[in-house]
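Participant: Once you've had a glance at the structure underneath, I'll fire off some questions.
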Amino acid sequence: MSGSVLYSMGVSVDGYIHDRQGHFAWTVPGGDLFAFHTERVRELGGFVCGRRLYETMLPWETDPAMRDTEADAAFADIWSELPKVVFSRTLTAVEGNARLARGSLTEEVAAALAATDKDVEIGGATFAAQAIELGLVDEMRMFRYPIVVGGGRPFLPPVTSTLHLEMVESRIFDDQVIYERYRFIDR
């Protein structure tokens, strides 16, 4: 049985993944949320992303300082083992357990799903927007932080038709981050 395609990111109350200056330090998770992320990533069979998110997450595979605590080391181990496909127009090589995409988004997502019986996550708002438009995303998972940034990169793209969602899970973490999990319906 094939897994689902997930889109998951931290987001401000007003719907942005980073502010107008490109900053997103406000998305650093607290202890219970970090543990949740670790378990969530453990359940993935692959990760498809754009260059910016790949470069943001690369230190978890390459920087020994990212293993300073037991919790950090556990996440780094899981992240390092996770197969990643990176879409980029500028990179000629990638490091760690990653490869550059050779096919279209549809082809690469299909290949990532075929390589595992687990879920595959798409990361990065700009990149995920394409996947949502193509109807490739089965679930969205938002981590809504209690902050209003007033602009930046939106979590969701403008859409050409209404997308119907079913909320399948929600939870509030210690640092008041609200986890919202939605499944696309009528697709």
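Quick note: the coordinates plus some simple rules give every number you see, no bench work behind them. Just so it is clear, the structure is predicted and the values come from calculations on it, not from any experiment. Glycine also receives a Cβ, built like all others from the backbone with ideal geometry; neighbour counts cover every protein chain displayed.
Participant: Explain nothing, just compute: Karplus ³J(HN,Hα) = 6.51 cos²θ - 1.76 cosθ + 1.60, θ = phi - 60°, for every residue of region 44-49 in order, whole Hz, x for Gly and Pro.
Facilitator: With coefficients 6.51, -1.76 and 1.60, one gets 7, x, x, 9, 10, 8 Hz.
Participant: Checking the a/c ratio against 1.5 first, then a/b against b/c, what shape does the Cα gyration tensor give for region 5-185?
Facilitator: Details: a/c = 1.35, a/b = 1.03, b/c = 1.31.
Rounded shape, in that the Cα axes give a/c under 1.5.
Participant: Taking the dipole about the Cα centre of region 5-185, with the C-beta of Lys and Arg at +1 and of Asp and Glu at -1, give me whichever of Phe184, Val137, Gln21 is farthest to the positive side.
Facilitator: Towards the positive end, the residue furthest out is Gln21.
Participant: For q values of 0.17, 0.18, 0.21 Å⁻¹, compute log₁₀ I(q)/I(0) with the Debye formula on a Cα-only model of region 1-42, without solvent.
Facilitator: -0.62, -0.67, -0.82
Participant: Considering amide H positions built from the backbone, and no H for Pro or chain starts, which residues 5 or more places from Gly3, or on another chain, come under 5 Å of its amide H?
Facilitator: Excluding prolines and chain starts, which carry no amide H, the hits are Lys118.
Participant: Another question, if that's okay. From the backbone phi of region 110-117, what are the Karplus-calculated ³J(HN,Hα) couplings (6.51 cos²θ - 1.76 cosθ + 1.60, θ = phi - 60°) in whole Hz, Gly and Pro given as x?
Facilitator: Taking θ as phi minus 60°, the curve returns 4, 5, 5, 5, 5, 7, 8, 9 Hz for region 110-117.
Participant: In debye, nearest 20: dipole of region 74-185 around its Cα centre with unit charges on the Cβ of K, R (+) and D, E (-)?
Facilitator: Working: 11 positive and 16 negative charges, 74 e Å.
About 360 debye.
Participant: Give me a comma-separated list of calculated 3J(HN,Hα) values for region 4-10, in order, Karplus coefficients 6.51, -1.76, 1.60 applied at θ = phi - 60°, integers in Hz, x for any Gly or Pro.
Facilitator: Going residue by residue, I get 9, 9, 10, 10, 9, 7, x Hz, with x marking Gly and Pro.
Participant: Oh, and also: Give me, ordered by chain and number, the residues 5 or more places off Gly46 or on other chains with an amide H under 5 Å from its own placed amide H.
Facilitator: Excluding prolines and chain starts, which carry no amide H, the hits are Glu121.
Participant: Rounded to the nearest 20 debye, what is the charge dipole size of the chain about its Cα centre when +1 sits on each Lys and Arg Cβ and -1 on each Asp and Glu Cβ?
Facilitator: 640
Participant: Can you give the net charge of the other residues whose Cβ lies under 13 Å from the Cβ of Arg20, counting K and R as +1 and D and E as -1? Mind showing how you got there, number by number?
Facilitator: Values: positive: Arg153; negative: Asp14, Asp19.
Spelling it out: positives minus negatives among the neighbours equals -1.
Participant: Now a separate question. Calculated from DSSP H runs of 4 or more alone, at -39500 (n - 2.57) each and per residue, what is the 222 nm mean residue ellipticity of the chain, nearest 500? Can you show the working numbers first?
Facilitator: Values: 6 runs with 54 residues, N = 187.
Result for the chain: -8000 deg cm²/dmol, rounded to the nearest 500.
Participant: If you average 1/r over all unlike Cα pairs in region 1-103 and invert the result, what Kirkwood radius do you get in angstrom?
Facilitator: 15.0
Participant: Send over the semi-axes of region 125-187's equivalent ellipsoid, whole angstrom and largest first, taken as the square roots of 5 times the C-alpha gyration tensor eigenvalues.
Facilitator: 22, 16, 9
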